[in-house]
Amino acid sequence: MKFGVIVFPGSNCDDDMVYLLRETLGQQVVKLWHKDTSLQGCDFVVVPGGFSYGDYLRSGAIARFSPIMPEVQRHAERGGYVLGICNGFQILTEAGLLEGALLKNDHRKYTCKNVWLRSETQNTLLTRNLPAQSIYKIPIAHGDGRYYADEATLASLQEHDQIMFRYCTEAGKVEESVNPNGSIGNIAGICNKSRNVFGMMPHPERASELFLGNEDGLKMFQAILQK
Amino acid sequence: MNNLLETAQKLGLLPEELDKIKEILGREPNFTELSAYSVMWSEHCSYKNSIVWLKTLPKSKKGNGIWGKQVNGANEDTPPAGAGGLPSGVGGLLVEAGQENAGLVDIGDGLACAFKIESHNHPSALEPYQGAATGVGGINRDIFTMGARPIAQLNTLRFGNPTHERTKFLMRGVVKGIGDYGNAFGVPTVGGEVFFDECYHTNPLVNAFSAGILEIDKMASATSYGVGNPVFIVGSATGKDGIHGAAFASKDITADSIKDLPAVQVGDPFQEKLLLEASLEVIASGHVIGMQDMGAAGVICSTAEMSAKGEHGMRIDLDKVPLRQANMHGWEILLSESQERMLVVVKKGQEQAILDIFEKWDLNCVEIGVVTDTKRLEFYQHGEMIADLPAESLVLGGGAPVYKREWSEPAYFQAFQKFNINTVAEPKTTGEFTKILTHLLSHPNIASKRWVYEQYDSMVGTANASTNAPADAAVVLVKHPKGGKANRAIVITVDCNGRYVHANPEIGTMIAVCESARNVVCAGGEPVAITNNLNFGNPYNLEVYWQFVGAIKGMKMACEALNTPVTGGNVSFYNQSSSVGKAGGDVNNAVFPTPTIGMLGVMDNLAYQTTLDFKQAGDLIYLVGKSQEDIACSEYLYSYVGIKGSPAPHFNLEEEVKTQKAIYDLIRKGLLQSAHDVADGGLLVALAESSFHRDLGFAIATTQAMRADAFLFGEAQSRVVVSISPEKEADFLAYLQQNGVHHAKLGTVTKQDFAVDGAVVLPTDMAKGLYMNTLGEMMEG
């Protein structure tokens, strides 16, 4: 599989994703410049974290108008894989590739720490190796991570099994006390209806290296590569 | 004539400095020129009151020093098998202190680490958010202007009483400023310190440290030469913010300081991120002669320093500088400290390549002048020359004044020596230990700084090992710019207990250097070099200057003993409120002298990584180093007992070196499960901190040989708490005995509870609750 990592001005997790894919997982990976209009034949596009356009106006609001985004849109419509992490998730919701929106954290502070995620479905490329309701320690790092969708959208996400992860306790209980940002239903990550576009606020690429003392995220990337 | 003198004095120049300017120019300076000298000769840029002493600090390594050699003196020149020691050349200094924007140290594999610490105290006292944010921006520009990509940041903060509203206001602003800037810029904040004391109430300290990596043969220099080479200004447009900022940083904070608010700059981390990427691309193109960021004193400083270094001149047309607002005076453009700007001198004929790179990143890149052979800076505006100055005359090491100041010992010093431990009632019961430990674990100086550090992105870069493996220093993986799997790490920390330095500047500063090295060693690194941030009061006060001189003497001794030379740093005087009365005000209105040490260590074998947390019940706990009948200067004595005046804690440089070398060797022999130095709060706090990560406990015994409070809460230096597997005890003891290293068995790691002499002082979960939540409750409550 060929991976492409998009670089917007202000992206800052692009190198981390490239390092993981290339050095740790041995994959072919290219950086895709936001002003370009070609995906260079990539099968899997990653929209990385960071502060595209400084998060000015609203997180992800300007990046969605970058020249490369119509190509990402077409790639997704063709069934190509797209994964947005953190700012990437925000950009994908702004671009309408994923439903809902990401609002300012309810406590209004930027927060970076390990949290626990419970996998909610095995029916996606990313989570297919994660047993139902299994628990993973993955870090978050965001100021605008509060997932929001109206009731109808939420019901539809549920109905179509689009919720990938919820914030939970270490024992796997989904409850308000461990919701790090006020996200509705403790939602941490979702996919689209056709199950080829994924978005999540937590950073699995920051938990995929022995040296970092946490390889919980690696299971998601290995699932992508599994034949 | 009088008028000129008055103007000069208003700009912060002394009468004799005006005379010197006239002598240099052979005429009277105009206002623009006078302004240029006033900022370039300010303390902030010229180090005029400190440079004489800074020059006494060690600037190079002497062989391998203590590292990699056996303590007992055998095999002086050959490292014992398995005992480590960095390969020859690694750890060497690649630029001399003060020669470039930051220090540069060889870390092996063809790579070097550029690192430096810098203060933004004065701006943060008035406008904490922007003051701290631009401090982060400035220090990172110092790193990437050399061609190094920043990979980790630290910061050290000092505030007044945390229950005071002003402190909360400052702290919220500073922490958010550091977070918003550093998080967007995309370099992890991997550690630091926060310390509270009334003395920092008016003058908080905000020191920011950054470390970056470059390939040794690709360093960019802050120089300018080659007649006819074009000079570019790149990055943000220039506005009226931060004018006379360097001069502002060179006076006391008073009630009138708020009038200096325009002297505080405004930061834009998004521009900085673009500037970083564009700068590294431009440097990689090979077309750059020299590059320097514009921090203090803006265009005038960068043109002067680069030209003086390259022994050339420049002709600059200020009409070409992109401006944020209309009708700026020439001197305003010269002195503006608008952020996120660089001056770049490029090889003639390569202009288009440079323009293309900045165009790609949507940044300004404008040719504003040309390199000349005159060694003078000639500035033009509206077709007229508005300033004509010899570059050399403006800079440190050139024409900038150098002062030797007098000093005198303050009365408090002798008074502090009179402290007698016997005047303090000795606590003897478990109930008393519980009370004291509860006080310490929930004291904001000791409690977890989680409320602060969770607002910083500590993990971007996927290189920070400390997230899941806490250690005394931050361990940051070094990824080679050429690619491949990373195989080495830098180990970094910032340390200074200002209370110790206040009690005894010489010993307190030795402790600061040694504690930073001890932290690096405990984390598995080899200390190689330091950067320093010298925060003091008004240097014209004789007693403040006594503190400064003592600190430098102590730093020199400790750095020589540890073979960790000084690569540069920053001096911040005038951290003092209201200097009315005698010259330089009152030493008691100054902050504690706070010479913060930023230590760089190298770990060239990732197997040496060592953490501070106990691993499992049943492991044995030992103290390496010697307990002392000493509670001087401890947090226990200061805030629990309430005695503010006492000498620095027990410290002996030889014992210190021995302890560190022992830990260094034991780690390389694979004998330690954990290592954590005994610091603020003393032994019981160190044991508690080692227990929290895995929710374990400990059972230890006190000794008849000394007072229980000295044993449990004293802050005598050169001690490290280690845990070891029982099966390694024999090897562990054999090493220590062979090398004559003091040690004592304390007890064992247990599943839960902190027990002393068989009685539970605190259950682990309760202690952890206090430790983790106190600061957050204080700030949010």
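Does at least one position in the stretch B:124-136 carry a residue that is over 20 Å from B:Pro444 (Cα atoms) and without any contact (Cβ under 8 Å) to a residue 60 or more places away in the chain? Yes, some residue in the stretch B:124-136 is over 20 Å from B:Pro444 (Cα atoms) and without any contact (Cβ under 8 Å) to a residue 60 or more places away in the chain.
Out of all the residues in the stretch B:458-475, which are of a type in the set (A, V, I, L, M, F, W, C) and either within 10 Å of another protein chain (Cβ to nearest Cβ) or surrounded by fewer than 24 Cβ atoms within 10 Å (Cβ to Cβ) (or both)?
Of everything in the stretch B:458-475, those that are of a type in the set (A, V, I, L, M, F, W, C) and either within 10 Å of another protein chain (Cβ to nearest Cβ) or surrounded by fewer than 24 Cβ atoms within 10 Å (Cβ to Cβ) (or both) turn out to be B:Met459, B:Val460, B:Ala463, B:Ala465, B:Ala469, B:Val475.
Within the stretch A:7-44, restricting attention to residues that are among the β-branched types (Val, Ile, Thr) and either in a strand (DSSP E or B) or under 15 Å from A:Val82 (Cβ atoms) (or both), the residue that is nearest to the other protein chains (Cβ to nearest Cβ) is A:Val7. Taking the numbered list (1) away from chain A (no Cβ under 14 Å); (2) outside any strand (DSSP E or B); (3) within 20 Å of the chain's Cα centre (by Cα); (4) surrounded by fewer than 24 Cβ atoms within 10 Å (Cβ to Cβ) in turn, B:Thr167 passes all entries but (3).
Residues considered: A:Arg146, A:Arg118, A:Arg58. Of these, the only one that is of a type outside the set (Gly, Ala, Ser) and either out of contact with any Lys or Arg (no Cβ under 9 Å at 6 or more places or on another chain) or within 14 Å of chain B (Cβ to nearest Cβ) (or both) is A:Arg58. Here B:Ala133 fulfils each of the conditions (1) farther than 23 Å from B:Cys45 by Cβ; (2) within 14 Å of chain A (Cβ to nearest Cβ) apart from (1). Just one residue in the set B:Arg518, B:Arg499 is among the basic types (Lys, Arg), assigned to a helix (DSSP H, G or I) and in contact with a strand residue (DSSP E or B) (Cβ under 6 Å, 6 or more places away or on another chain); that residue is B:Arg518.
As a summary of the residue check, A:His107 satisfies the conditions (1) crowded, with 22+ Cβ neighbours inside 10 Å; (2) within 14 Å of another protein chain (Cβ to nearest Cβ); (3) more than 17 Å from the chain's Cα centre (by Cα) except for the one numbered (1).
From the list A:Cys86, A:Cys13, which one is in contact with a Pro (Cβ under 6 Å, 6 or more places away or on another chain), at pLDDT 95 or above and not polar (S, T, N, Q)?
A:Cys13
The residues on offer are A:Phe221, A:Phe211, and the sole one that is among the aromatic types (Phe, Trp, Tyr), under 27 Å from A:Tyr110 (Cβ atoms), within 12 Å of chain B (Cβ to nearest Cβ) and surrounded by fewer than 24 Cβ atoms within 10 Å (Cβ to Cβ) is A:Phe211. Here the condition is being modelled with pLDDT under 95, under 18 Å from the mean Cα position of the chain (by Cα) and not acidic (Asp, Glu); of B:Gly568, B:Gly508, it holds for B:Gly568 alone. Of all residues being among the hydrophobic types (A, V, I, L, M, F, W, C) and surrounded by fewer than 16 Cβ atoms within 10 Å (Cβ to Cβ) in the stretch B:407-452, which is nearest to the other protein chains (Cβ to nearest Cβ)? Just the residue, please. Filtering the stretch B:407-452 for residues that are among the hydrophobic types (A, V, I, L, M, F, W, C) and surrounded by fewer than 16 Cβ atoms within 10 Å (Cβ to Cβ), the one nearest to the other protein chains (Cβ to nearest Cβ) comes out as B:Ala425.
Looking at (1) modelled with pLDDT under 95; (2) under 25 Å from B:Phe573 (Cβ atoms); (3) out of contact with any helix residue (DSSP H, G or I) (no Cβ under 8 Å at 6 or more places or on another chain), which one does B:Val39 not meet, given that it meets all the others? It is condition (3) that B:Val39 fails. For the stretch A:147-172, a tally of residues being out of contact with any helix residue (DSSP H, G or I) (no Cβ under 8 Å at 6 or more places or on another chain) and either of a type in the set (A, V, I, L, M) or part of a strand (DSSP E or B) (or both) returns 6.
May I ask you to say which residue of B:Ala304, B:Ala284, B:Ala308 is farther than 24 Å from B:Phe185 by Cα and out of contact with any strand residue (DSSP E or B) (no Cβ under 8 Å at 6 or more places or on another chain)?
Checking each option against the conditions leaves just B:Ala308.
If you check B:Ala701, B:Ala688 for being among the small types (Gly, Ala, Ser), within 17 Å of B:Pro470 (Cβ to Cβ) and touching a strand residue (DSSP E or B) at 6+ places or on another chain (Cβ under 8 Å), only one passes: B:Ala688.
The helices (runs of 4 or more DSSP H) falling completely within the stretch B:330-436 that include 1 or more residues that are touching a helix residue (DSSP H, G or I) at 6+ places or on another chain (Cβ under 9 Å) and over 23 Å from B:Glu23 (Cβ atoms) map to B:330-335, B:351-360, B:411-417.
Per the listing B:Phe698, B:Phe711, the residue uniquely touching a residue at least 40 places away in the same chain (Cβ under 8 Å) and in a strand (DSSP E or B) is B:Phe698. Here B:Gln455 clears all of (1) at the interface with chain A (Cβ under 7 Å from one of its Cβ atoms); (2) crowded, with 24+ Cβ neighbours inside 10 Å; (3) not hydroxyl-bearing (Ser, Thr, Tyr) except the condition numbered (2).
Listed here are the residues, each with its yes/no results for (1) out of contact with any Asp or Glu (no Cβ under 7 Å at 6 or more places or on another chain); (2) within 20 Å of B:Asn575 (Cβ to Cβ); (3) in a helix (DSSP H, G or I).
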residue	(1), (2), (3)
B:Ile117	yes, yes, no
B:Tyr129	yes, yes, yes
B:Ala132	yes, yes, yes
B:Ile143	yes, no, yes
B:Pro150	yes, no, no
B:Thr156	no, yes, no
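Condition (residue is away from every other protein chain (no Cβ under 14 Å), crowded, with 16+ Cβ neighbours inside 10 Å and out of contact with any strand residue (DSSP E or B) (no Cβ under 7 Å at 6 or more places or on another chain)) applied to the stretch A:127-138: is it met by at least one residue? No, the stretch A:127-138 contains no residue that is away from every other protein chain (no Cβ under 14 Å), crowded, with 16+ Cβ neighbours inside 10 Å and out of contact with any strand residue (DSSP E or B) (no Cβ under 7 Å at 6 or more places or on another chain). The requirement of being acidic (Asp, Glu) and within 13 Å of chain B (Cβ to nearest Cβ) is not satisfied by A:Glu176. Going by what's in this entry, would A:Gly4 be described as more than 13 Å from chain B (Cβ to nearest Cβ), in contact with a Leu (Cβ under 8 Å, 6 or more places away or on another chain) and either closer than 24 Å to A:Ala223 by Cβ or in a loop (DSSP other than H, G, I, E, B) (or both)? Yes, satisfied. Against the numbered list (1) in a helix (DSSP H, G or I); (2) more than 17 Å from B:Gly138 (Cα to Cα); (3) among the small types (Gly, Ala, Ser), B:Gly177 comes up short only at (2). Looking at (1) surrounded by fewer than 22 Cβ atoms within 10 Å (Cβ to Cβ); (2) of a type in the set (Ser, Thr, Tyr); (3) under 28 Å from B:Thr189 (Cβ atoms); (4) more than 14 Å from every other protein chain (Cβ to nearest Cβ), can you tell me which one A:Thr93 breaks? Going through (1) surrounded by fewer than 22 Cβ atoms within 10 Å (Cβ to Cβ); (2) of a type in the set (Ser, Thr, Tyr); (3) under 28 Å from B:Thr189 (Cβ atoms); (4) more than 14 Å from every other protein chain (Cβ to nearest Cβ) one by one, A:Thr93 breaks only (1). Within the stretch A:188-227, being touching a Phe, Trp or Tyr at 6+ places or on another chain (Cβ under 7 Å) and assigned to a strand (DSSP E or B) holds for A:Ala188, A:Gly189, A:Cys191, A:Gly199, A:Met200.
The values are calculated or read from the model by the stated rules, or taken from the named source; none is laboratory data. What you see is a predicted model, and the numbers here were worked out from it, not measured in a lab. Every residue, glycine as well, gets a Cβ built from its backbone with ideal geometry; the counts of neighbours run over all protein chains shown.
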